[in-house]
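All remarks here apply to the structure that follows.
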Amino acid sequence: MVLVYIDQAEKQIKKSAFEVLSYGAALAKQLGCAAEALVLGNVNDDLAALGKYGVTKVRQIANEGVQHFDAKVYTQVIAAAAQKAGATVLIFAHSINGKAIAPAVAVKLGAGIVTGASALPKTDAGFIVTKTVFSGKAFASIQIETPIKVIALNQNSFGVFPQDGTASIEAMDIDIPNPSIKITSTELVKGEIPLTEASLVVSAGRGLKGPENWGMIETLAKTLGAATACSRPVSDSDWRPHHEHVGQTGLQIAPNLYIAVGISGAIQHLAGVNRSKTIVVINKDPEAPFFKAADYGVIGDAFEIVPALNEAILKSKAGA
Amino acid sequence: MKVLVCISKTPDTTAKIAFTEGNTKFDENGVQWIINPYDEWYSLVRAIELKEQDPATIIHLVTVGEADSEPIIRKALALGGDEAIRVNLNSNDSFVIASQIATIAKEGAYDLIFTGKETIDYNSSCIGSMLSAILDMPFVSSANHFELAGNTATIKREIEGGEETCELNLPAVISCQKGMAEQRIPNMRGIMAARTKPLKIVEPTTVKATTTIKSFELPAAKTGVKLVEANNMDELVRLLKEEAKVI
């Protein structure tokens, strides 16, 4: 059985969950077995509706002791639940929380793990999972040698495939260990789309000359419903908050659309964004290396192009 | 307090990525090696800052690698740290590496174990998480702030769309990222001192690998950029809608 771990925060299922459900269901079909989901804590979402993504059963541990993320506690509970449910393959999102617990769960289960998976495994001979390595500059195909397998799927690499269906819900009774950490505060950046979950991203670099010029980037992002990002020099100069930095030493993202404004495209920056499906580069320098990695390019003054692009999108939306 | 800082050797961020032996091995030809940036800039420097606050702090560095890892571990010692341990093993299986570090961690009875949030070569983000499971310690990942008062650590970590603050009692494993500390450059005094700091070489324990790398592949090259005139943003919007189908 393929067991898909569903991450929640503040009683809400994370967006990344729907993609891992679709992936887990497709893998189960390939292996000729069932796909089930595992949820820790109470959620406001309709769990039976997760059947839409191909799981037949949702297992829930609705205990106050697992309402909030605690890596050590979650590891023990998920490993115990996986054993009790008889899971042979576990799927996690390669998200912040997934990265924290999937390798630990693999250790507890004596399972081999591949994190950062980018496609369904090849299972005709062995169990070979392809993952991104060298910050997206290459892929490695890795054979998992153990009977139980754990996969953490790169976000935005498989897609979400809703169909018809409902899942049964089964409450699981698992011993909950004492908390290992005490969460004292949670601050969410209000009104913004988390970068790692965003399917559209507008990003800008030193070409914008100063933090006072970000208004047009924010306007474009708002028009598109996109998240904003920036290059490392911009975050190092404190023009923009650190959590917006994408690149080799910042966030690695894979949105459907990445619009880069005034970013030259140094190899370290490309490493953070080269898994994006479509890349648009706006730069006044026709020699900017980013154009080589782009799908669409506009050569010219960002201060004229970005507002014009914003107008064009508004016009297109009004016409649609 | 005893801190163990995990150090990994990675290719420089600008290294050309290529493969040899029928795409089964990373081509090390002409590659410059560096300390994995997350290990160096964030976990090692934060450990050094903790020692500057409390000089009784002992910092040990550990790396799992063969003799060619020594320049990296010496460079790390030049930044700071009291001594280093090199487990004499070349492996790319996260569980094998984490098991070697766990053996060192158990013997040294460390209060705090720092790792980088990931290495920039395999990007697996496995070592910290696995160490916490093997050692049965609390784990906080992607930490960008770490303060210590007595035995209690206050840690900020990144979450999707924000930040979370938590407290825990040591011992613990922490994976570090940007924000933890400011990057430093080794000075001459540090480089000289590093030459005489102890570097212990230990032989690995036998651990069965759970994974095998079968092959590598480079992504298909982009077919070429399609240029759109700066005064024709309607065309760009049309392409994004109708051709790329992303908006």
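Looking across the stretch A:145-186 at every residue that is out of contact with any helix residue (DSSP H, G or I) (no Cβ under 6 Å at 6 or more places or on another chain), among the β-branched types (Val, Ile, Thr) and crowded, with 17+ Cβ neighbours inside 10 Å, the one that is farthest from residue B:141 (Cα to Cα) is identified as A:146.
Is it true that residue B:16 is in contact with a strand residue (DSSP E or B) (Cβ under 7 Å, 6 or more places away or on another chain) and open to solvent by 20 Å² or more (accessible area, probe 1.4 Å)? No: the conditions fail for residue B:16. Being in contact (Cβ under 8 Å) with a residue 60 or more places away in the chain, part of a loop (DSSP other than H, G, I, E, B), farther than 18 Å from residue A:157 by Cβ and over 20 Å from the mean Cα position of the chain (by Cα) holds for only one residue in A:49, A:80, A:87, and it is A:87.
The numbered conditions (1) more than 7 Å from chain B (Cβ to nearest Cβ); (2) touching a helix residue (DSSP H, G or I) at 6+ places or on another chain (Cβ under 9 Å) are all true for residue A:189 except (1).
For every residue, the table says whether it meets (1) without any contact (Cβ under 8 Å) to a residue 40 or more places away in the chain; (2) within 30 Å of residue A:109 (Cα to Cα).
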{"residue": "B:22", "(1), (2)": "no, no"}
{"residue": "B:43", "(1), (2)": "no, yes"}
{"residue": "B:57", "(1), (2)": "no, no"}
{"residue": "B:84", "(1), (2)": "no, no"}
{"residue": "B:88", "(1), (2)": "no, yes"}
{"residue": "B:101", "(1), (2)": "no, yes"}
{"residue": "B:107", "(1), (2)": "yes, yes"}
{"residue": "B:114", "(1), (2)": "no, yes"}
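Annotation: residue A:195 fulfils all but one of (1) in contact (Cβ under 8 Å) with a residue 24 or more places away in the chain; (2) out of contact with any Cys (no Cβ under 6 Å at 6 or more places or on another chain); (3) open to solvent by 30 Å² or more (accessible area, probe 1.4 Å); (4) within 30 Å of residue B:167 (Cβ to Cβ); the unmet one is (3). Which one is farthest from the other protein chains (Cβ to nearest Cβ) among residues in the stretch A:103-117 that are outside any strand (DSSP E or B) and in contact with a helix residue (DSSP H, G or I) (Cβ under 7 Å, 6 or more places away or on another chain)? Result: A:109. Could you tell me whether residue B:181 is more than 10 Å from chain A (Cβ to nearest Cβ), within 30 Å of residue B:99 (Cβ to Cβ), of a type outside the set (Phe, Trp, Tyr) and assigned to a loop (DSSP other than H, G, I, E, B)? In short, yes.
For the list (1) closer than 23 Å to residue B:16 by Cα; (2) open to solvent by less than 10 Å² (accessible area, probe 1.4 Å), I need the number of the one condition that residue B:115 fails. Failed condition: (1). Counted as qualifying within the stretch B:56-144 are the helices (runs of 4 or more DSSP H) with 1 or more residues that are away from chain A (no Cβ under 14 Å) and within 29 Å of residue A:73 (Cβ to Cβ), namely B:94-108.
Quick grid of which residues meet (1) closer than 29 Å to residue A:110 by Cβ; (2) free of Cβ contacts under 8 Å to residues at least 24 places away in the same chain; (3) small (Gly, Ala, Ser); (4) within 11 Å of chain A (Cβ to nearest Cβ):
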residue: B:192; (1), (2), (3), (4): no, yes, no, no
residue: B:205; (1), (2), (3), (4): yes, no, no, no
residue: B:210; (1), (2), (3), (4): yes, no, no, yes
residue: B:220; (1), (2), (3), (4): no, yes, yes, yes
residue: B:226; (1), (2), (3), (4): no, yes, no, yes
residue: B:235; (1), (2), (3), (4): no, yes, no, yes
residue: B:238; (1), (2), (3), (4): no, yes, no, yes
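Which one is farthest from residue A:280 (Cα to Cα), of the residues in the stretch A:251-267 that are open to solvent by 10 Å² or more (accessible area, probe 1.4 Å) and either within 10 Å of chain B (Cβ to nearest Cβ) or not in a loop (DSSP other than H, G, I, E, B) (or both)? Taking the candidates together, the pick is A:251.
The values are calculated or read from the model by the stated rules, or taken from the named source; none is laboratory data. These numbers were taken from a predicted model, which means no experiment stands behind them. Cβ atoms come from the backbone with ideal geometry, glycine included; neighbour counts cover every protein chain shown. Side chains included, ligands, DNA and RNA excluded: accessible areas come from the protein's heavy atoms. Shrake-Rupley method; radii C 1.70, N 1.55, O 1.52, S 1.80 Å.
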